[in-house]
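Nothing in this text is a laboratory measurement; each read-out follows from the coordinates by a stated rule. The shown structure was predicted, so the numbers you read here are calculated from the model rather than taken from an experiment. Don't worry about glycine lacking a Cβ; one is built from the backbone with ideal geometry, like all the others, and counts go over all protein chains shown.
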Amino acid sequence: MPRYSPVLLRDRPRHVQVISAVVAPAALGAGAGILVGVSAAGYWAIAVIAAAGAFLSGFEHRDGWGGADRGFSGGIIYGVVLLVIHALTGTHAKVSLGSFPPLLVVVTTIFGTLLAAAGGRIARAQRGDPPRHEPLLWR
């Protein structure tokens, strides 16, 4: 059976790295920021697309740790842009952003990290690579 071998993010041209790791989460966050004041269904559709993108982004890394880093940064970008665009549009949110909306950034960061880590871990398993055990700091 042939080994699964996707092109890793680090092996892609710099402009592709920037587009997929920065521009894509920002664009999805902007779309969600607009739609949160227009349509709950539209907002959640963008959220599902962003979640799928976070998961799939993990496949562009050697393992779950690399995927987690990518999901962490993507989650922050998505959440911050979402809130900024929503504030700039001045619309009333059709979806609850909580009593303290900046916590949404924490939520999007956690979900992005976990989803991308899961994608990276699955990709590592599909490649047949053994698990990488990081050394414990106290050893």
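As an exercise, identify the trypsin sites (Lys or Arg not before Pro) in segment 1-82 lying in DSSP coil whose Cβ has no more than 10 other Cβ atoms within 10 Å. Mind dumping the intermediate values first?
Numbers: sites: Arg3, Arg10, Arg14, Arg62, Arg70; in loops: Arg3, Arg62.
Sites meeting the loop and neighbour criteria: Arg3.
Round to the nearest 10 and give me the degree value, 0 to 90, for the angle of helix 103-127's Cα axis relative to the longest principal axis of the chain.
Relative to the chain, helix 103-127 is tipped by roughly 30 degrees.
Length gain on complete extension for the stretch Leu8 to Val95, per 0.36 nm per residue less the alpha carbon to alpha carbon distance? It would help to have the intermediate numbers written out before the result.
Working: separation 87, 0.36 × 87 = 31.32 nm, distance 3.57 nm.
My answer for the length gained is 27.7 nm.
Using 0.36 nm times the number of residues separating Leu88 and Val106, minus their current alpha carbon distance, what extension gain do you get? Please report the intermediate quantities before stating the final value.
On the way: separation 18, 0.36 × 18 = 6.48 nm, distance 2.04 nm.
So the extension gain works out to 4.4 nm.
Just to confirm the number: angle between the C-alpha axis of helix 64-89 and the first principal axis of the chain, 0 to 90 degrees, nearest 10?
Roughly 10 degrees between the two axes.
Would you calculate a helix-derived [θ] at 222 nm for the chain, using -39,500 (n - 2.57) for each DSSP H run of n ≥ 4 and dividing by the full residue count, to the nearest 500?
Numbers: 5 runs with 86 residues, N = 139.
Value at 222 nm, helices only: -21000 deg cm²/dmol.
For a distance above 19 Å, tell me the whole-number percent of Cα pairs in the chain that qualify.
On the way: 5033 of 9591 pairs.
Of the Cα pairs, 52 percent sit more than 19 Å apart.
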